[in-house]
Protein chains: 4
Amino acid sequence: MNIAMLGSGFIARFYANTLHAQRRKDRILSVYSRNIVNAKKFAADFGLSSYGSEMEKIIQDPAVEAVIVALPNHLHEEAVLACAAAKKAVLCTKPLGRNAREAKRMLEAVEKAGVFAGYLEDLCYTSKFLKSLASIKAGSLGKILWTKSREAHPGPHSDWFWDKEKSGGGAIIDLGCHCVEISRNFIGKGVRPMEVMCWADTQVHPIDAEDHAIGLVKYENGAIGQFEVSWTFRGGMDLRDEVMGTEGTVWLNGFLRTGFEMFTTGKGANYIAEKAESDSGWLFPVGDEAHELGYPQMFSDMFDAMEQGREPLETFYDGYVVNAILDAAFLSAKSKKWETVMLDDWRGEGSGSEEKSRVSYDEKYYLIKKELLPNGEAKVILKDKVSGEIKQATVKN
Amino acid sequence: MNIAMLGSGFIARFYANTLHAQRRKDRILSVYSRNIVNAKKFAADFGLSSYGSEMEKIIQDPAVEAVIVALPNHLHEEAVLACAAAKKAVLCTKPLGRNAREAKRMLEAVEKAGVFAGYLEDLCYTSKFLKSLASIKAGSLGKILWTKSREAHPGPHSDWFWDKEKSGGGAIIDLGCHCVEISRNFIGKGVRPMEVMCWADTQVHPIDAEDHAIGLVKYENGAIGQFEVSWTFRGGMDLRDEVMGTEGTVWLNGFLRTGFEMFTTGKGANYIAEKAESDSGWLFPVGDEAHELGYPQMFSDMFDAMEQGREPLETFYDGYVVNAILDAAFLSAKSKKWETVMLDDWRGEGSGSEEKSRVSYDEKYYLIKKELLPNGEAKVILKDKVSGEIKQATVKN
Amino acid sequence: MNIAMLGSGFIARFYANTLHAQRRKDRILSVYSRNIVNAKKFAADFGLSSYGSEMEKIIQDPAVEAVIVALPNHLHEEAVLACAAAKKAVLCTKPLGRNAREAKRMLEAVEKAGVFAGYLEDLCYTSKFLKSLASIKAGSLGKILWTKSREAHPGPHSDWFWDKEKSGGGAIIDLGCHCVEISRNFIGKGVRPMEVMCWADTQVHPIDAEDHAIGLVKYENGAIGQFEVSWTFRGGMDLRDEVMGTEGTVWLNGFLRTGFEMFTTGKGANYIAEKAESDSGWLFPVGDEAHELGYPQMFSDMFDAMEQGREPLETFYDGYVVNAILDAAFLSAKSKKWETVMLDDWRGEGSGSEEKSRVSYDEKYYLIKKELLPNGEAKVILKDKVSGEIKQATVKN
Amino acid sequence: MNIAMLGSGFIARFYANTLHAQRRKDRILSVYSRNIVNAKKFAADFGLSSYGSEMEKIIQDPAVEAVIVALPNHLHEEAVLACAAAKKAVLCTKPLGRNAREAKRMLEAVEKAGVFAGYLEDLCYTSKFLKSLASIKAGSLGKILWTKSREAHPGPHSDWFWDKEKSGGGAIIDLGCHCVEISRNFIGKGVRPMEVMCWADTQVHPIDAEDHAIGLVKYENGAIGQFEVSWTFRGGMDLRDEVMGTEGTVWLNGFLRTGFEMFTTGKGANYIAEKAESDSGWLFPVGDEAHELGYPQMFSDMFDAMEQGREPLETFYDGYVVNAILDAAFLSAKSKKWETVMLDDWRGEGSGSEEKSRVSYDEKYYLIKKELLPNGEAKVILKDKVSGEIKQATVKN
C-alpha cells in the first residue's frame, strides 16, 4: 500500500515507525505538514520521496492509495473532506471529531464518496484486547454487566492538546475516546448507548479544559461502561481495563505491569532515562511500545480490509458513536445529571429492553445464591416467588 | 478486657477467632443470640462461661467491660441503646445504622451516656491501609485528588443481607460503608463530603436491593472518593484501593493478589476446597485472613483506646458520616442527579472553599507541563497569564 | 510468660516490638547486653523492670520463665548452655550454631537438662508459609519434586555479620539457614537430606565470607531443595519461595510484591525515606513487617507449645539439621562437588529409597503425556513397556 | 524473501503463521516433509506453490533464497549440510545440534560455503529481552553478577522430543538451549563460559532422558548463568528471567504473568479451552503468542541481516557455544562435579581474569556498606585494609 501521511508530529512519527518496521510491505510515500521544515525533516527521517505543505497536492498524488490523517483534532474534518473529494481511502486518528457533528459530517463525506475509511483506534487492536474480546464473544464471561477502561498519565506532549478550541476538550476527548470504544466492544457494538453520567474537573493544571474525569455510560441492556481518564496521574502511563460478566472477569494491564520489572540505582555509566517520571528505582518499561499499544495490528487490519473489500474492525461510524457519547459526557459534567446520548443515525440492534434473568430453585422459590459448605452440604438463599420473602436453607449438594 | 458478644453468626465467629488467638489477653465471657441453640454452640466452641437469649441480661452482667455488637443491621440500634442504658462500652460492627437517622440516634445515645464507643470498620485497620495512610499524611502523595475503593464478590452468605428491610439496602450498605470510610481517611476526615452521584442496579439476583453500584463522593476541597461495590463479581473477593495525589499514587490489593499464588490439578488426595468459586487451577489464597482484613489491629486499637482514655481511630461519629453519605447515594441512584450529603452535625473543618494551585513559569506565563527531552533539553507548555494563549517552547534544562 | 531477653540489637528490638504489641499477654522482664549502656537504653525503651551485663544473673532470675537468645552467632552456644544449666526454657534465634558441632552441643544440652527449647526460624511461621504448607500436606500439590527458597538483599546492618569468625560464614549462614528450613518443611521434615552442591563467591564486598551463593540439597526421595542467597541484590529485600509438585505449584512473595505499590515524586513536604535503596519512584512497602516475617505467629507457637507441653513447630533439632546441611554446602563450595550431609543423629524416616511412579496406558504401553486437541480428540505419547520405543497416537477422549 | 520450509510440524506451522501475518513481505514458497501427506496439507494451509518429500529438490529450487530448518534435532545436520552444498542461506531452529560436535560441523559447513546462517533462538528476540538487554548494555545494572533463566512446562507435544536418540537429551537440550543463550547475552557474549555444574533427574515420566534439571554456568569474569528447566511443571508455561548486577535488577515474565488475567466459571455457551492445564478458574492467556515468544522480531532480524550483509543477532557460532555448554552440563549431571566447557574455537575476549572492585572509604579502610539512618546520619561498615578487622561507625551523611 502506498501511503500519504498528513502530519509530522508525535503520532505521525509513531505511525511511521510502526509501518516501516518488521519487514512490512506498506510504504509511506509522502508527507504533508503545515510547516515545510517539519515536512522535509520527516521525509528525510523516513526516506520518503516527497513532502509538502499543500495538503490537497499530497492527497491528490495518483501514486497515493491511502491517506493517514495524523493531524491535531481541529484539522481532521478538513483533511477527511479533502480525501473524500479526491476519492482516496482515508485512515483518521482518534478522536474522529471534536464532537459528533464534526464526526457525522466526516462519516457522511466518506460514505457519499464511497471511499474506504478506517478509524485509527489503536487500543482496540492490542493483542490483549483482541484475545480477550474473542473469549468474551465466545461466551466465557457470560452476559457482560460492567466494564471499566482507564487511561491516565501526567498529560500530553503538544501544546494544542491543552487548548480546548483545537482539541475539543481535555482528558475526556483525548483519552475518553479510547475508553469508551473499548467498553463498547466488550459490551457489544450492537447494543445502544443510552445515557451518560460524568464528573469532570480541572484539578491541577492552569487550563480551561478538564484534566480528570470519571464517566458512566449506560447501555440499553443495562450494562455499564465506565471510563476513568486523567492528565494528573503520577507514575507513568496507566492503561487498565476490567470486564465483569455473569460468568467471569477479565483484567488487562496494558502498560505499567506487563511482566517487565527493573531496578536501577541510576549509577550506570551511560544510562539514558526512559521516562521523565523517574529514571532510577523500580521502573516498569514495556518491551515494544508500538505493539503493546496496538499500532501494527491496527494497520494490518486496515490494509487487509481495504484489499479484501471489507470494513475494518474500527470504522468512522464507530468514531461517530464515540463522539456522541463524549458529547453527552461533557453535557453531564455541566448539568450534573444523566444526559441522553444523541444518535440520530443508530445502526445497531433495535429496542430490546433490558431483561433480567431469574433462576428458579423450584416451583415456589427463586435461587438467590448457593454456597458449598465444608461438610459437603450446600447453603441456599431463596426468595419466595409470590411473597418475596427471603430465607436460607441447608441442603444436600 | 472482658467482653460480651452479641450475635453468633459469621461475623461474631470471625471476631471471636481473632480475639482468642495469638496469645491476646482480652477474653470473651458470654454470648447472646436470639436463638439459644446457637448461643450454646458458640459458647461451647469458644469456651465461654455463659450464654443466653436475653440481650439485656448478657449486657448487664457486671463482669462485662465491653460489648461487641455483631448482629444483623436492623438490630444494631436496639443493642447499642441497651449498652448505653447499661453504661457499657460498646463496639458496633459496620455499617453503624441502616441510615443516618439510626446512626445519629446511636451516636447520641452513647455520647449522652458517656460510654466508650467504637466503630468496627475493619478495612480501615489493615496493615497496608494504615501504612499507606501514614505515608499520605506525611505528604508523600501531595494533595489527594481522587481515591477509589472497591469491594466486590459473589454475594453475602446469610439471608438477612438480601432482605432490604433488615439490611437497609444491598451492596451499597453492605460494601459501600467500607469503601466510603476508606476514601474519607485518605482524603482527610476533616474535609466535608458535599454531594454524591451514584448508579445502582439489580443486575443479576432476584432481589429488590441493588447488587451492583458505582458512586462518586465529592468533597469540599474538590477531591473525589469513588466507590465500586458489587455482589455480581466472579473470581473471589476483590478488595482494591487506589489513591491519586499531585505527587504520587498508591495501589493496594487486599485479597486476590497478595503474593500468594497456587496452581493445583485438584487431584491431591485430601484436598479441601478453600473457596466455592474454584478449587483447582490457579488459586490466590491469603495467608491470614483475619490479619489481611484488619481484625486484630482493629481490636488492639479499640481496647488500647479504652485503656488510654482516647478515641479509637474509627468512632460512631465516623459511622454516622458514612451513613449520611450512603443515604445520599441511595437518593442519587433514584433521582439520577448529584445529591447533597445531609450532615446536621458536622465536626470537621470549616468552609475552606476549593482552591487551585497555579505554578508560575515566569512573570508572563503559567507552567502547564515540563518534559525532559532525550537531548537533555526540556519542552515546556505554557499559558499566557493574560491572554490565556497556550504555546510550547524548548529550553535548556 | 515472663521473658528475659539476651541481646539488645536489631533483632532483639524486633522481637520486643512484636511481643509488646497487639495486646499480647507475654512480657519481657529484663534484658542482658554485653554493653550496660545498651542494656539500660533497651530496658527504658520497652519499660522493663531490670537489665544487666551479667548474663547468668539475668537468666537465673526466678521470675524469668523463658529466655530469648538474640545475640550474635558466636555467642549462641554460651547463652544456650547457661540456660540449660539454669533449667530455663530457651528460644534461640537463627542460625542455631555457626556449624553442626555447635548446634549439636546446644541440642544435647537442652535435651539433657530437659528444658523447653525453640528455634526462632521466623520465616517458617509467616502466614503465607503456614497456609501453603497446610495445602501441601493435604496433598494439593501431589508429590513434591523441587522447592526454591530465595533471600537476597544489599547486606546486613551490623559489623559482626561481615566477620566470618563471629558469624560462621556469609550469606550462606545468614540467609541460607532460612531457605534450607523452608525447603525442608515443604519436602517433609522426615525425608533425609543426603547431599549438597553449592556455588559460593565473594562478588562485590571486600570481605572473606561469601556474599552470594546458590545451593542444591538432594533429599532421599529425589526431591531437590534449592537455596539462593545474596548480599549483592539491589532493589530491597527479595523473599520468594517456589514449590513444584506432581499436581501443582506454589509461588510465594514475602516482601517486595505483596499487593502494596506506591509511587512518589519525593516532593511531599514531610516524607521520610522508608528504605535506603530508594525513597522516590515506585516503592513496594509491606504493611506490617513483623507479621509478614512471621514473628508474632512464631512467638505464639513457642509459648503455646510451652504451655501445652508439646514441641514447637521449629525445634533445636531442626536447627541442628539446618547447620549440618549448611556445613555440607560450605564444603561443596570449596571441593566443587556434591558433599554428603553428615547427620550422626537422624530422627526422620528410614531409608525408603527413591521410587518412581509409572502410569500404565494399557498392557503394552506406559503413558508419557496426554494432551487435548482442539477437535476434542486427545494426543497420547506412549512408551512400549518392553522395547522402550516411544510413539504418539491420536485417540478419542 | 522467498523461503523454503523444511518440516511441517508444530514449529514449522508456528513459523509459517508468523511469516504470513501482519502484512510481512517475505513468503514461503515450498515445504519439505518426510511424509508427503503432511507436506501437501501444509502447502494447502499456507497457500504454497510447491511441496515435496525430497529435501534436496526443495532446497535446490532456484527461486528459493533462504531455507528454514524446522525439523527434529537429529535431522538438523543433514539439512544444514544440504543447504551449504546448495549455497543457500539457512536458518536453523534451536538447538543447533544435539551436541557440540554436530554443531561444529554445521558451523564449519556454512562458513566454508560462505552462506548466510542464522540461529533461530526466538527467546533472545522477545521485546522484553531486547529492551532489557539494551538497558543492561547501556550500564543501568552495572556489572552483571548472576542471571537466571527458567523455562518449565508439562512437557513437549511430539514423540521425538521424548526419545533421547533423536533429541539429544531431555529438558536440558529442549529448554536449556534457550536459557543458556539468554544468560550469555546478559553476561556478554564475549565473556568465556568456563565450567558447568548441573543436577538432572527423571522425576516423573517413564523416559530415559531428564525431565528436570538445574545448572550453573560459571563465566570467566565470575558471573554465574543459572538455568532451570523442567517438563514436570504444572500450571502452564513458565518463562522467567532474572538478572542481578552491582547497580540493579531485571525481572522478566514472558508468559504466565503479562498483565492479562481472566476468571471464568467455564459455563459460557461456546467456550473453547485454551490450555490443556485448565479451562476454568483463573487463566493467564498471552495476547499474541508469536510476538511474546519473539518470532516476528527474530525473522525481521534474520532477513534484514541477509539484505544488509551483516550477521544476525543469533548465529551458528552462538548455537555451537550453547551446545558446548550443554555438553558440559550433561557431563556434570553424571560426574556430580563442575565440568569444563570444551570450546576449541573461542572467538570472544581473551583471558581477562576475574577482577574484584574494592571501594576505599579512606586511606585506612575499605567500605563494606553504608546505610542511611532515620536521624539523617549514616552507618558505615568498614574493613581495615591491613589487619582485615571489621568495625562499624556512625557518621554525618
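The values are calculated or read from the model by the stated rules, or taken from the named source; none is laboratory data. Being a predicted model, the structure only gives us computed values, none of them experimental. Here the Cβ positions follow ideal geometry from the backbone for every residue, glycine too, while neighbour counts run over all protein chains shown. Surface accessibility is based on the protein's heavy atoms, side chains included, excluding ligands, DNA and RNA. Shrake-Rupley method; radii C 1.70, N 1.55, O 1.52, S 1.80 Å.
I need every pair where a residue in the range D:14-43 that is without any contact (Cβ under 8 Å) to a residue 60 or more places away in the chain and under 17 Å from A:Q22 (Cα atoms) has its Cβ under 9 Å from the Cβ of a residue that is assigned to a strand (DSSP E or B) and among the basic types (K, R), sequence separation at least 6 or different chains.
D:H20/D:R27; D:R23/A:R24; D:K25/A:R24
Quick check: anything in the range B:112-127 under 16 Å from the mean Cα position of the chain (by Cα), assigned to a strand (DSSP E or B) and closer than 30 Å to A:A152 by Cα?
The answer is no, given that none of the residues of the range B:112-127 is under 16 Å from the mean Cα position of the chain (by Cα), assigned to a strand (DSSP E or B) and closer than 30 Å to A:A152 by Cα.
Can you give me the ranges of the strands (runs of 3 or more DSSP E) entirely in the range D:1-109 with at least 3 residues that are more than 25 Å from the chain's Cα centre (by Cα)?
D:27-32, D:50-52
From C:A200, C:A209, C:A152, which residue is among the small types (G, A, S), under 16 Å from the mean Cα position of the chain (by Cα) and within 12 Å of another protein chain (Cβ to nearest Cβ)?
Going through C:A200, C:A209, C:A152 in turn, the sole match is C:A152.
Which one of these does C:N375 not meet: (1) within 20 Å of C:L175 (Cβ to Cβ); (2) of a type in the set (S, T, N, Q); (3) over 21 Å from the mean Cα position of the chain (by Cα)?
(1)
Just give me the residues in the range C:350-379 being modelled with pLDDT under 75 and either under 16 Å from D:S158 (Cβ atoms) or among the basic types (K, R) (or both), in sequence order.
Here is the first cut: in the range C:350-379, the residues modelled with pLDDT under 75 are C:350-358, C:373-376.
Listed by number, the residues that qualify are C:K356, C:R358, C:L373.
If you go through the range C:302-354, how many residues are farther than 25 Å from D:A200 by Cβ, within 14 Å of another protein chain (Cβ to nearest Cβ) and under 20 Å from the mean Cα position of the chain (by Cα)?
Matching residues across the range C:302-354 total 4.
Considering only residues that are within 7 Å of chain B (Cβ to nearest Cβ) and within 26 Å of C:V229 (Cβ to Cβ), look in the range C:133-148 and name the one that is nearest to the chain's Cα centre (by Cα).
C:S135
Right, B:I136: in contact with a helix residue (DSSP H, G or I) (Cβ under 7 Å, 6 or more places away or on another chain) and either in a loop (DSSP other than H, G, I, E, B) or open to solvent by 10 Å² or more (accessible area, probe 1.4 Å) (or both) or not?
When the stated conditions are applied, B:I136 passes them.
Name the single residue, out of those in the range C:155-169 being within 11 Å of chain D (Cβ to nearest Cβ) and either of a type in the set (S, T, Y) or surrounded by 24 or more Cβ atoms within 10 Å (Cβ to Cβ) (or both), that is nearest to D:A393 (Cα to Cα). Quick ask: steps written out before the conclusion?
Kept after step one, since they are within 11 Å of chain D (Cβ to nearest Cβ), are these residues of the range C:155-169: C:155-167.
Filter once more, so that each one left must be either of a type in the set (S, T, Y) or surrounded by 24 or more Cβ atoms within 10 Å (Cβ to Cβ) (or both): C:158, C:161-162, C:167.
On the way: C:S158: 10, C:F161: 15, C:W162: 14, C:S167: 19 Å.
Across the range C:155-169, the extreme among qualifying residues is C:S158.
How many residues are farther than 22 Å from D:D159 by Cα and surrounded by fewer than 21 Cβ atoms within 10 Å (Cβ to Cβ) if we restrict to the range D:23-54? So that I can check it myself, show each step before the final result.
First, pick out the residues of the range D:23-54 that are farther than 22 Å from D:D159 by Cα: D:23-30, D:43-52, D:54.
Pick out the ones that are also surrounded by fewer than 21 Cβ atoms within 10 Å (Cβ to Cβ) and you get D:23-27, D:29, D:44-47, D:49-50, D:52, D:54.
Matching residues across the range D:23-54 total 14.
So is B:A66 touching a strand residue (DSSP E or B) at 6+ places or on another chain (Cβ under 8 Å) and open to solvent by less than 80 Å² (accessible area, probe 1.4 Å) or not?
yes
Which residue, of D:E292, D:E339, is open to solvent by 20 Å² or more (accessible area, probe 1.4 Å), out of contact with any helix residue (DSSP H, G or I) (no Cβ under 7 Å at 6 or more places or on another chain) and modelled with pLDDT of 95 or more?
Of D:E292, D:E339, the one residue that is open to solvent by 20 Å² or more (accessible area, probe 1.4 Å), out of contact with any helix residue (DSSP H, G or I) (no Cβ under 7 Å at 6 or more places or on another chain) and modelled with pLDDT of 95 or more is D:E292.
Is there a residue being surrounded by 24 or more Cβ atoms within 10 Å (Cβ to Cβ) and either at positive phi or within 14 Å of chain B (Cβ to nearest Cβ) (or both) anywhere in the range C:103-112?
no
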